[in-house]
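Some notes on the structure that comes next.
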Amino acid sequence: MRGFLFFAAFMTLIPGIVQGAEPEGTVEKLDSAVVSTSRAGKSTPVTYTMVSREELRAVNPMNSLPMALALQPSVVTVNEGGTGLGYSKMTVRGSKGSQINVTLNGITLNDAESQEVFWVNIPALSGLLSSVQLQRGLGTSAAGPGAFGASINMSTASVGAHPYASVDLGYGSYGTFTAAAAVGTGLTRSGLYFDFAYSRGLTDGYIRNAYADVQSAFAVLGWMNEKNSLRLTWLFGDQHTGITWHGIDLAQYEADRRYNPAGEYYDQYGNVRYYDNDTDNYTQHHLQLNYTRQFTDRLVWTTTFNWTKGDGYYENYKAGKRFSKYNFIFEEDSKGDFIVQEAMDNHYFVLNSDLKYSSDRLALTAGINLSRYDGDHIGKVLWSDILGEAYDYASHKWYLNNGLKQEANAFVRAEWNPLDWMTAYADLQYRGVWLDMSGPEDDQIPLDYSTQWQFLNPRAGLSFHWDSRQKAYVSAALGHREPGRSDIKENIKNAWIADQAGVANEGVSLKPEKMLDIELGYTFASEKISASANIYLMEYWDMLLETGRLSNVGYAIKENVARSWRRGVELAASWQALAWLRADANLTLSVNRIKDYTDYVQHVDTYDNWSETGKTTAMNYGTTTMLMSPSLTGMARLSFRPWCHASNSLKTMELSMDGKYVGKQYMDNTMTDSRSIPAYFVSNLGVSYSIPLNKRSLDFARDDNKEKSSIRIAFYVNNVFNNMYYADGWCWKNLVEEDGAVADGIGVYPQAPINCMLKVSWNF
């Protein structure tokens, strides 16, 4: 830390040595080319919200991106550990993580197998970003399977004109500590620039075993001139967290809402004990090389290569399990206690390339995306109470399987302005996906499976912009998406169990899902007022929808439903009432339905053995509401700066308060009240005080004035009204053949009551 502070102080003394050499317009144009392929422009007929760096930092003390986007329209967030650090999830219009495509500088970050982004693997990301575009609906994403409900397009590609440095420290409830530091040269006379940032987060978590130790690093080395931009980017994420995916039942919630069953076992005397290393661990490296060439004022070529290396493991204490489960062959299949690891080791290669032509009336973009994912899944036994310490566990592999997924897609896009006030948009994408799986899974069921999918995804729309303040748009898009690894795995497992039991089955029957998205919207923006209103119709065929159940490692189990839809209205407005007073609000009203829903309840033999028999019972519920899809969400935020009117003041104070309402949600698709999450309202308070450090920081002629030299002290109070609520849950149900009864249960994720955090930031 001393070395960093010395370097940062040194940089503040040499601004004249490293002055920007290129015109600001050139820098911005080459920067924007890196992410323009996956982003919507001002005239693109797509429903989206832009979130600036300042907004990301203002509303989120943890720098977790889902939490930073929690106030956006139709967004619902949850943290498994109850705070903002650790495993965080989000939905957009009810669409979960596997249906949200995430790109960083144009490169998709979605895991190829699960189709999700695990935000805990790239912690504190929001503190590294220059902007985020949240597209709701199918959007304009050129690559990635997850663009099925929303797209999050993130950019770090912002080259400053001056050197900078910052230090950020925070401390809060439940032993939470955050630290971050950043430094950059700005654009030098030679065209070189360098940025580096590092962050660390620690917390005990709200519930037991919800601790988190996460860190991330980000580095960029780049060069640019009037026609060329070359950028090498490294993003590192490392997380060590306690396992929190189990949730707790309602009885336990009422008795002790901080309880977590992870790692629980009984010793020889019948006393409850907890394994202290029941953990989830993952390390990820992203390496990106980007080259942008501006051939003429109208023709720009961008190519990006990405390599992602990931490895990690779950470690669990398993009590009272049969030896055969872990592939031990004994004459007598006895039970015992085990410590096991389920590990992953994967490589992900991506190549994006696109060529863009633009004139006064026409913009044409064509591009390709090639990717290859190769991932091993490995099961290890570390210890058994019966085998003891002397056993050679290293030579015993519980399971080993491989997933190889390759993708090629190509697209062409056109934006045409036949009239000054109208833009026509068309986009056609081809996706080819090849999947090969081999080897046994954790339950010894073979996953030997190979398939391919080919999709054609068209989009078209019109936007009308009568003046600089107003825009109306209409668009239609058709999208397809293949099942994920966990979906296929569960389907293979069910078919195998049925086959072993002699029950008729159709094998792997999962279908790709298809969706037609129609968007109609209007936006208005003036100096003091901005507003938007849009209607969306998202019609699904063979939708891969969660059942409410979780796999043994926390993945949501899905099934195809023949017909379903999401339809809604989204409203948003901002009002700068006075120079020192601003109000923001949004509201979403929606219906999320499944037509003629049939739930297939799996059979188990007895209460004691609880082994699946391969049989199912069909239960029809008619038209139902989709799980985890509230019909009403809304947000309101009020912020004011009491001294803003005092032009001679060198100090700035800001107070803000926001509230988020989330309506009732069901944990499965049967609309059963006992398996639902009640509506909740959460409010947060923030107070910040900024002090410029020197006169130079008040030079409003500087083009980088947004990052003035200053010290900022901020205090956040989350869940101000101390609401006791849970924001997510899961459920299960089985028919027990022993007595013909349906047994069920639920798990919920309690969120922390009132808690606070103090942050100090030094920008210089």
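So, R0 is 51 Å and r is the distance between the beta-carbons of Arg322 and Ala426; what FRET efficiency does that work out to, to 0.05? Working shown, then result.
Values: r = 58 Å, r/R0 = 1.14.
That pair, Arg322 with Ala426, gives E of 0.30.
Decide, for segment 155-214, between rounded, prolate and oblate: order the square roots of the alpha carbon gyration tensor eigenvalues as a ≥ b ≥ c, take rounded if a/c falls under 1.5, and otherwise choose prolate if a/b is larger than b/c, else oblate. Note, shape of segment 155-214 comes out prolate. Net charge in the neighbourhood of Asn209 (other residues with Cβ under 11 Å of its Cβ; Lys, Arg +1, Asp, Glu -1) is -4.
Taking 21 Å as the limit for the C-alpha separation, the pairs Lys558/Lys615; Lys89/Lys595; Lys227/Lys309; Lys558/Lys660 exceed it in the case of Lys89/Lys595; Lys227/Lys309; Lys558/Lys660. For segment 194-208, backbone phi angles converted through the Karplus equation (6.51, -1.76, 1.60; θ = phi - 60°) give residue-by-residue couplings of 9, 10, 9, 9, 9, 9, 9, x, 10, 7, 7, x, 7, 8, 4 Hz, Gly and Pro being listed as x.
Model label points for Tyr171 and Ala476, set 7 angstrom from Cα along the Cα-to-Cβ axis, are 6.1 nm apart. In the chain, Cα pairs under 8 Å separated by at least six residues give a relative contact order of 10 percent. Taking the convex hull of the alpha carbon positions in the chain and averaging its projected area over all directions gives 33.1 nm². Pull up the cross-link candidates among the aspartates and glutamates for Lys759, meaning alpha carbon to alpha carbon under 20 Å and not fewer than 8 places away within one chain. By straight Cα distance, Lys759 reaches Glu54, Glu55, Asp168, Asp204, Asp213, Glu654, Asp658, Glu707.
Where does the charge balance sit around Ala460 when Lys and Arg score +1, Asp and Glu -1, over other residues with C-beta under 14 Å from its C-beta?
Values: positive: Arg413, Arg459; negative: Glu415, Asp427, Asp517, Glu519.
Taking every other residue near Ala460 into account, the sum is -2.
Taking a ≥ b ≥ c as the square roots of the eigenvalues of the Cα gyration tensor, segment 340-379 is prolate, since a/c reaches 1.5 or more and a/b is larger than b/c.
Could you calculate the FRET efficiency of Arg273 with Phe330 from 1/(1 + (r/R0)^6), where r is the beta carbon distance between them and R0 is 22 Å, rounded to 0.05?
The formula returns an efficiency of 0.25 here.
Positive contributions from Lys and Arg (+1) and negative ones from Asp and Glu (-1), summed over other residues with Cβ under 14 Å from the Cβ of Leu109, come out at -2. The order of Val687, Val51, Val76, going from fewest to most other C-beta atoms within 10 Å of their C-beta, is Val687, Val51, Val76. Check the straight Cα-Cα distances from Lys325 and name the lysines below 19 Å, setting aside those fewer than 8 residues away within the same chain. Partners found: Lys335, Lys380, Lys397, Lys489, Lys493. Restricting to DSSP H runs of at least four residues, report the calculated mean residue ellipticity at 222 nm for the chain, -39500 (n - 2.57) per run over all residues, nearest 500 deg cm²/dmol. Mean residue ellipticity at 222 nm (helix-derived): -2000 deg cm²/dmol.
Fully extended, how many nm does the chain gain between Leu382 and Val412 (0.36 nm per residue separation, minus their Cα-Cα distance)?
Values: separation 30, 0.36 × 30 = 10.80 nm, distance 5.17 nm.
Answer, rounded to one decimal: 5.6 nm.
In plain terms, the residue of Lys356, Lys511 with the fewest other Cβ atoms within 10 Å comes first and the most crowded comes last, giving Lys511, Lys356.
Any read-out appearing in this document is the output of simple, stated calculations on the displayed coordinates, not a laboratory observation. Predicted model, so just to flag it, every value in this text is computed and none were measured. Backbone-built Cβ (ideal geometry, glycine too); neighbour counts: all protein chains shown.
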